[in-house]
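A.B. asks: Dropping a structure here in structure tokens format, bear with me for questions.
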Amino acid sequence: MQFFFIYKALAHPERNGILQPVTQDERLVHAREATKRLGNTIPFLVDAIDNRLKHALGDRNNSEFIVDPEGKIVRKRTWSDPEQVRKDLEVLVGKVDKITKPEDIVLKVEKVPADAAAKGLIPKVSRSGMSAIVAEPQIGKGAVFYAKLRAEAETAVIDEGKGKLYLGFHLDPFLGTHWNNSKKALRFELDVPEGVKLSTKEGEATKSKVESDIDPREFILAVEAWPEGKTVKLTVTYAACTRDDCHEVRQVYELKRQRDRDGGRAVSGGGSRPRTPEEAFKQLMEGDKNKDGKLTKDELAAFQQTRFAEFDLNKDGVLDKDEIEKMAQKLTERKRP
Amino acid sequence: MRHARLLAVLVSGLALGPATAQPSKEDPEFLKKSPAIGDILPDLTVYSADGKEFKTSSLRGHYTVLSFGCLT
């Protein structure tokens with residue numbers, strides 16, 4: 001009998017500042033960090049950076065499989081369910097003498113260390129209704145992605161090539177650097193092929209007023225046209241600094257008008273998941289583009305659009321205040337402890 | 001007994017799962033996209049946490065529980 005966790009692409013990048021890894025080595029560091037933080041004795045198998053195991057096994061965040069000694073899949077489920085695994089194993093392997101309950105376990109959960117550099121100085125950009133799009137880093141030998149690009153776009157960009165595009169450069173906490181505000185600010189340039197029209201082809205980050213900080217450098221661009229299949233090349237230059245030293249970095253990404261199936265769902269606006277219905281209500285209302293106090297399907301975040309019908313209780317095609325309140329309530333309910 | 005201990009840790013590993021509310025129902029899309037019950041686990045090369053290549057075919061010989069998760 002053997003158990004493995006499969007360490008996969010992040011489901012919720014930016015939670016606790018943790019970013020989607022760019023290289024295999026970075027993902028290995030994540031898995032080792034997970035073991036350190038949790039103290040789990042079940043070993044990790046770490047998915048390849050091309051996410052081959054996730055793709056081959058149905059592309060879910062927390063799915064579970066039982067495989068028999070011949071390599072045959074004998075059980076599978078969308079969400080891990082430890083109680084059900086125990087029942088399955090009793091049938092497949094036999095009963096155990098003593099069942100350990102979750103309350104018997106002392107988890108070694110360490111708090112995320114406080115950041116030394118300042119944060120929360122630059123207001124975060126709203127990313128309501130956006131999903132991750134493919135941004136392929138061009139990885140040269142020895143390249144270290146101190147800052148990682150997160151590219152997101154409104155559904156309308158992905159579907160029709162028109163709408164808002166988010167570009168956010170987030171410092172990877174595992175690499176321990178900060179922005180030094182006495183240095184040149186982060187800059188990006190876009191190499192735009194024929195037919196693609198953007199509100200700007202370059203941008204320079206706002207510096208915060210303190211000496212150093214770790215706030216993401218974020219930009220919103222308007223996409224006027226982006227024909228399918230066209231690749232936009234982004235070049236970013238920045239200095240990622242430690243106390244002693246700064247690394248001058250130039251990195252290139254290829255952006256595609258295509259949803260990134262492995263991009264996960266970033267915490268909207270870089271904030272945290274709403275804890276109370278009031279917070280959830282506020283976040284939902286950020287999508288109210290025409291400020292009529294109601295939400296149409298298009299005004300919901302992409303990941304919530306599939307649940308629109310569930311919350312449109314009177315089936316009139318819009319969510320009114322009462323329905324949004326009920327949705328906010330539902331979104332903050334937790335089904336498991 | 002080792003079995004019970006490991007299972008207990010598997011329970012603890014829930015911390016790796018998503019913090020969002022989890023629907024109890026099976027997702028039909030997942031059921032369709034993932035290999036069918038009775039299929040052989042695809043043979044792919046992944047990694048152990050220390051960075052060594054690991055072939056999923058080497059899991060044979062035991063009953064194996066595989067559970068997906070990540071830091072966030």
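A.B. asks: Can you name the residue in segment A:56-88 that is assigned to a helix (DSSP H, G or I) and more than 7 Å from chain B (Cβ to nearest Cβ) and is also modelled with the lowest pLDDT among such residues?
C.D. replies: In this case the residue turns out to be A:GLU83.
A.B. asks: Something else now. Cβ-Cβ below 6 Å, separation at least six or inter-chain, first residue in segment A:28-55 and at pLDDT 90 or above, second among the small types (Gly, Ala, Ser) and open to solvent by less than 10 Å² (accessible area, probe 1.4 Å): which pairs?
C.D. replies: Matching pairs, first to second residue: A:PHE44/A:ALA31; A:VAL46/A:ALA31; A:ASN51/A:ALA9.
A.B. asks: Ok, one more. How do the pairs read when you match residues in segment A:218-237 that are at positive phi with residues anywhere that are surrounded by 13 or more Cβ atoms within 10 Å (Cβ to Cβ), using Cβ under 9 Å and keeping only pairs 6 or more apart or on different chains?
C.D. replies: A:GLY229/A:LYS256; A:GLY229/A:ARG257
A.B. asks: Among the residues of segment A:275-310, write down those that are in a helix (DSSP H, G or I) and farther than 16 Å from A:SER128 by Cβ.
C.D. replies: Hits for segment A:275-310 are A:PRO277, A:GLU278, A:ALA309, A:GLU310.
A.B. asks: Kindly indicate the residue of segment A:1-26 that is of a type in the set (D, E, K, R) and either at the interface with chain B (Cβ under 7 Å from one of its Cβ atoms) or touching a Gly at 6+ places or on another chain (Cβ under 7 Å) (or both) and also least open to solvent (accessible area, probe 1.4 Å) among those meeting that condition.
C.D. replies: A:LYS8
A.B. asks: Quick check on segment A:187-225: of everything there that is within 23 Å of the chain's Cα centre (by Cα) and not in a strand (DSSP E or B), which residue is nearest to A:CYS241 (Cα to Cα)?
C.D. replies: Filtering first and then ranking leaves A:ILE214.
A.B. asks: Output the residues belonging to segment A:125-177 that are surrounded by fewer than 21 Cβ atoms within 10 Å (Cβ to Cβ), charged (D, E, K, R), part of a loop (DSSP other than H, G, I, E, B) and touching a strand residue (DSSP E or B) at 6+ places or on another chain (Cβ under 7 Å).
C.D. replies: A:LYS162 - this is the single residue of segment A:125-177 that is surrounded by fewer than 21 Cβ atoms within 10 Å (Cβ to Cβ), charged (D, E, K, R), part of a loop (DSSP other than H, G, I, E, B) and touching a strand residue (DSSP E or B) at 6+ places or on another chain (Cβ under 7 Å).
A.B. asks: Okay, next question. Here's a check for you: in segment A:27-44, which residue that is within 7 Å of chain B (Cβ to nearest Cβ) and in contact with a Pro (Cβ under 9 Å, 6 or more places away or on another chain) is nearest to B:GLU53 (Cα to Cα)?
C.D. replies: Step by step, filter segment A:27-44, then rank; the result is A:LEU28.
A.B. asks: Search segment A:258-274 for residues being at pLDDT below 85 and outside any loop (DSSP other than H, G, I, E, B), and hand back the single one that is most open to solvent (accessible area, probe 1.4 Å).
C.D. replies: Among them, the one singled out is A:SER268.
A.B. asks: Another one. Which condition from (1) away from every other protein chain (no Cβ under 11 Å); (2) of a type outside the set (Val, Ile, Thr); (3) under 21 Å from the mean Cα position of the chain (by Cα); (4) on the phi < 0 side of the Ramachandran plot is the one that A:GLY176 breaks?
C.D. replies: (4)
The values are calculated or read from the model by the stated rules, or taken from the named source; none is laboratory data. Since this is a predicted model, take the numbers as computed values, not measurements. We place every Cβ from the backbone using ideal geometry, glycine too, and count neighbours over all the protein chains shown. For the accessible areas, the whole protein counts, side chains as well, though only heavy atoms, and no ligand, DNA or RNA atoms are used. Shrake-Rupley method; radii C 1.70, N 1.55, O 1.52, S 1.80 Å.
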